[in-house]
Amino acid sequence: MESRIVITTQPADQAGEMLQRLREAGFHSFNLPMIETRNLYLPPGELQKLITSFDPDWLVFTSKNGVRGFFANLSNIHTSLSFMAHRKFAVVGKSTSHELEKLGFTPHFVNPGNDGQSLAQNLLSLINPESRLLLALGTLAPNLLINKLSEKATVKRIDVYETVAAREFDTGLSDMIRKETVQLIMFTSPSGFDVFQTIFPDCRNIPFGAIGNTTAAAIRSKGYNPAVVPCEPNLEAMVNAIKKFFDSDPFH
């Protein structure tokens with residue numbers, strides 16, 4: 001049996017837990033980031049006006065980057081964190097929850113899955129027509145959450161980070177991909193796959209995996225059939241799906 005080499009493509013600051021879980025499961029795992037994120041800053045006056053006039057009672061975060069970007073903006077206008085004391089927080093996944101907890105705040109709701117559809121459904125049961133929700137998102141995030149939650153409450157969106165192509169790529173890992181000595185490459189976002197195709201346009205013989213249906217659909221739209229798509233878009237399901245993929249193929 002060949003070495004089970006799995007390359008993930010997450011931003012560098014997000015890959016640690018995935019790499020650890022894969023290594024614990026017996027895989028040789030490495031991360032080759034395709035994208036990176038950076039905070040976006042609203043003009044201080046615009047953010048202050050949004051906070052005071054809209055006065056949200058729910059703050060919704062779908063990623064660690066959303067938490068970081070929002071609080072970076074908040075500190076930029078020197079607003080006391082006591083402003084946050086009366087707010088309720090809804091987050092997607094444990095990693096986003098941990099990021100918020102590091103700042104001293106406990107989420108009122110942690111969505112178990114990583115997709116916006118399930119978050120919207122769960123939040124609709126918690127809010128009421130008087131609720132005011134502020135969503136801290138990245139520029140590439142679709143309006144799915146806004147559209148769904150707006151059916152019941154008042155919702156506003158603030159873009160607090162952007163996703164850009166990584167500026168540097170590890171030479172050793174890049175050579176492994178070009179020589180096709182890798183058994184699986186995992187993607188966690190459509191934008192990550194787009195950058196990968198730009199850097200490795202001729203990579204067609206290494207199986208691709210997607211953490212969820214959105215990324216899988218993006219891969220299929222480019223003419224590829226993902227070999228691994230977990231039943232749920234979370235880390236545990238992804239590791240199990242990768243195990244199943246390797247166990248079902250004796251050549252891997």
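Which strands (runs of 3 or more DSSP E) sit wholly inside the stretch 21-129 and have at least 2 residues that are open to solvent by 30 Å² or more (accessible area, probe 1.4 Å)?
In the stretch 21-129, 28-31, 35-39, 109-111 are the strands (runs of 3 or more DSSP E) which contain 2 or more residues that are open to solvent by 30 Å² or more (accessible area, probe 1.4 Å).
Quick check on Leu144: is it open to solvent by less than 20 Å² (accessible area, probe 1.4 Å), more than 20 Å from Gln10 (Cα to Cα) and touching a residue at least 24 places away in the same chain (Cβ under 8 Å)?
No, not satisfied.
Regarding Thr198, is this residue β-branched (Val, Ile, Thr), over 17 Å from the mean Cα position of the chain (by Cα), within 14 Å of Ile7 (Cβ to Cβ) and open to solvent by 40 Å² or more (accessible area, probe 1.4 Å)?
In short, no.
Output yes when any residue across the stretch 201-210 is open to solvent by 50 Å² or more (accessible area, probe 1.4 Å), under 18 Å from Phe27 (Cα atoms) and touching a residue at least 12 places away in the same chain (Cβ under 8 Å), and no when none is.
The first filter runs over the stretch 201-210 and keeps only residues open to solvent by 50 Å² or more (accessible area, probe 1.4 Å), leaving 201-202, 204-205.
Narrowing further to those that are under 18 Å from Phe27 (Cα atoms): none.
Within the stretch 201-210, none of the residues are open to solvent by 50 Å² or more (accessible area, probe 1.4 Å), under 18 Å from Phe27 (Cα atoms) and touching a residue at least 12 places away in the same chain (Cβ under 8 Å).
Determine whether the stretch 157-175 contains at least one residue that is of a type in the set (S, T, N, Q) and in contact with a Pro (Cβ under 6 Å, 6 or more places away or on another chain).
Residues of the stretch 157-175 of a type in the set (S, T, N, Q): 163, 171, 174.
If we keep only those that are in contact with a Pro (Cβ under 6 Å, 6 or more places away or on another chain) as well, we get none.
There is no residue in the stretch 157-175 that is of a type in the set (S, T, N, Q) and in contact with a Pro (Cβ under 6 Å, 6 or more places away or on another chain).
The values are calculated or read from the model by the stated rules, or taken from the named source; none is laboratory data. Predicted model only: the values in this text are computed from it and were never measured. We place every Cβ from the backbone using ideal geometry, glycine too, and count neighbours over all the protein chains shown. To get the accessible areas, we keep the full protein, side chains included, count just its heavy atoms, and leave off ligands, DNA and RNA. Shrake-Rupley method; radii C 1.70, N 1.55, O 1.52, S 1.80 Å.
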